[in-house]
Amino acid sequence: MLIYGRNPVLEALREGQVGQVWVAKGVENWLLKELEKLGAPYKLVPRIELDQMVRTTQHQGLVAEIEEAAYADPEAPFRLAKERGEQVLLVVLDGVTDPRNYGALIRSAFALGAHGVVTEERRSAPLSALVLKASAGTARKIPLVQVKNIARYLEQIKQQGVWVYGTSGKASKTIAELDYRRPLAIVIGSEGEGMRRLVTEHCDELARIPLAEGAESLNAAVALGVVLYQVRLGRG
């Protein structure tokens, strides 16, 4: 698959995942020097060629070919938590269909110590180059799991001892009132609609982020960042 954008491409190069690299003529010298330092076999081409390759002008003058992104198996987040000696922390996305939101959520999950991000086959943005760009390359650093049915998945992990916390602006409790010293799955619903009813019913606790009076709800990635930071505080 083709990825684009400076952060995703440079990160993939550092991890040795890149085949060919195409660079727009006229990019800054520092970028060429960085590519040479990383041993990248790049080809200088007119910017319009990159526009046509990835069907966007938002490539920042850099496109690379990498192996197709793949989902991890459902046990991968649990293995990662065990390797780190931590209680598992999952992020479950219910109905996040915008690839930019999906990528930004992955970035927040990785940055704040989650062990995996779970989506549903039918109600999720596909794992695409746009997702990789929005995640700033972190989509290859955290297990991404796709399941057939979120509600059934939540029921399964609850049987493994995982507590499920859902986020809702209508909840009576705030995120500061929950116990985070246990295996956890944090559920984030779609922007605008929130979690579906059946998914909400599978949550052990619902909590809201206290906002200033008159403030609109936060976007999904910001909300997840706030909740995961609260988890870190709660786990000491």
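The values are calculated or read from the model by the stated rules, or taken from the named source; none is laboratory data. Nothing here was measured: the structure is a model prediction, and the numbers come from that model. Virtual Cβ from ideal backbone geometry, glycine too; neighbours counted across all protein chains shown. Quick note on the areas: whole protein, heavy atoms, side chains included, nothing else; ligands and nucleic acids left out. Shrake-Rupley method; radii C 1.70, N 1.55, O 1.52, S 1.80 Å.
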Scan segment 95-138 for residues that are in contact with a helix residue (DSSP H, G or I) (Cβ under 6 Å, 6 or more places away or on another chain), part of a loop (DSSP other than H, G, I, E, B) and surrounded by fewer than 22 Cβ atoms within 10 Å (Cβ to Cβ) and jot them down. LEU112, ALA125, SER128, ALA136
Over segment 179-236, the set of residues of a type outside the set (Lys, Arg), farther than 21 Å from TYR102 by Cα, in contact with a Gly (Cβ under 9 Å, 6 or more places away or on another chain) and open to solvent by 70 Å² or more (accessible area, probe 1.4 Å) is LEU211
Taking VAL92 as the residue in question, decide whether it is under 16 Å from the mean Cα position of the chain (by Cα), closer than 22 Å to MET195 by Cβ and either in contact (Cβ under 8 Å) with a residue 60 or more places away in the chain or assigned to a helix (DSSP H, G or I) (or both). yes
Segment 59-81, residues that are farther than 30 Å from LYS158 by Cβ, open to solvent by 80 Å² or more (accessible area, probe 1.4 Å) and not polar (S, T, N, Q): GLU65, GLU67, GLU68
Going by the conditions given, is ILE66 within 19 Å of PRO143 (Cα to Cα), in contact with an Asp or Glu (Cβ under 9 Å, 6 or more places away or on another chain) and at pLDDT below 95? no
Test set (1) within 27 Å of GLN156 (Cα to Cα); (2) part of a helix (DSSP H, G or I); (3) open to solvent by less than 20 Å² (accessible area, probe 1.4 Å) - LEU50 fails condition number: (1)
